[in-house]
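Structure, as structure tokens:
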Amino acid sequence: MPDGKTHEVINAAVLMASIGGLYYFSAGYGNAVIATYLDTYTILTFAAAYIFATLFLSPDLDIDSKPYRRWRMLRVLWWPYKTIFKHRGLSHNPVIGPVSIVLNLALIVVPLLLLAGVSLQSLPSGSVIAAIAGIVLSIEVHIISDNVISRMKSAF
Ligand SMILES: [Zn+2]
């Protein structure tokens, strides 16, 4: 499996390609319906969530990894995740991996927003969807990279 640095390089390359693709659609070159949902703010929200997920929300939160250690004192919030999931088990499943990480993040973020007096209904749905899409894509790229590089290594 690739190390943390390799994952970050692969994720960065996919982000660059994704931003290029999103700007292409937002400029109205592709589907006009997609273009109406894509503005610079939405694309930036997607990119910021993707970068955050690459650094802090990797499926490798199931071990004592760099993303896990980046949480510093707050890593205790991911301790149950690390304990429940065995490495490269369900955390690296293309469906359960992203869902479990997004749910664990929601268990952290939603109470903080409520404590801060933010009404969840007041959050702009476009930004929430863009952020979740960024997080999910980052996790999927990690899982695919793990699978592809493992297969390449076993082939040689
Ligand atoms: Zn991994």
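Within segment 62-71, can one find any residue that is away from the ligand (no atom under 16 Å from the Cβ), loosely packed, with under 13 Cβ neighbours inside 10 Å, of a type in the set (Phe, Trp, Tyr) and over 18 Å from VAL141 (Cα atoms)?
Checked against the condition, which is being away from the ligand (no atom under 16 Å from the Cβ), loosely packed, with under 13 Cβ neighbours inside 10 Å, of a type in the set (Phe, Trp, Tyr) and over 18 Å from VAL141 (Cα atoms), segment 62-71 yields no hits at all.
Could you check segment 110-142 and list, in sequence order, the residues that are within 24 Å of ILE84 (Cα to Cα) and either surrounded by fewer than 12 Cβ atoms within 10 Å (Cβ to Cβ) or in contact with a Lys or Arg (Cβ under 9 Å, 6 or more places away or on another chain) (or both)?
Once the filter is applied, which keeps residues that are within 24 Å of ILE84 (Cα to Cα) and either surrounded by fewer than 12 Cβ atoms within 10 Å (Cβ to Cβ) or in contact with a Lys or Arg (Cβ under 9 Å, 6 or more places away or on another chain) (or both), segment 110-142 yields PRO111, LEU112.
Residues in segment 1-35 that are at pLDDT 95 or above and of a type in the set (D, E, K, R): how many?
The qualifying residues number 1.
Surrounded by 15 or more Cβ atoms within 10 Å (Cβ to Cβ), away from the ligand (no atom under 16 Å from the Cβ) and hydrophobic (A, V, I, L, M, F, W, C), is that true of LEU57?
no
Answer yes if at least one residue in segment 84-103 is of a type outside the set (A, V, I, L, M, F, W, C), away from the ligand (no atom under 14 Å from the Cβ) and either modelled with pLDDT of 95 or more or over 16 Å from the mean Cα position of the chain (by Cα) (or both), and no otherwise.
No, segment 84-103 contains no residue that is of a type outside the set (A, V, I, L, M, F, W, C), away from the ligand (no atom under 14 Å from the Cβ) and either modelled with pLDDT of 95 or more or over 16 Å from the mean Cα position of the chain (by Cα) (or both).
Wholly within segment 7-72, which helices (runs of 4 or more DSSP H) include no fewer than the required count, namely at least 1 residues that are under 15 Å from the mean Cα position of the chain (by Cα)?
In segment 7-72, the matching helices (runs of 4 or more DSSP H) lie at 40-56, 66-70.
With respect to ALA35, is the statement that it is away from the ligand (no atom under 12 Å from the Cβ), over 18 Å from GLU140 (Cβ atoms), surrounded by 12 or more Cβ atoms within 10 Å (Cβ to Cβ) and of a type in the set (A, V, I, L, M, F, W, C) true?
For ALA35, the condition - away from the ligand (no atom under 12 Å from the Cβ), over 18 Å from GLU140 (Cβ atoms), surrounded by 12 or more Cβ atoms within 10 Å (Cβ to Cβ) and of a type in the set (A, V, I, L, M, F, W, C) - is met.
The values are calculated or read from the model by the stated rules, or taken from the named source; none is laboratory data. This is a predicted model, so every value here is computed, not measured. Reconstructed Cβ throughout: ideal geometry from the backbone, glycine too, with neighbour counts over all protein chains shown.
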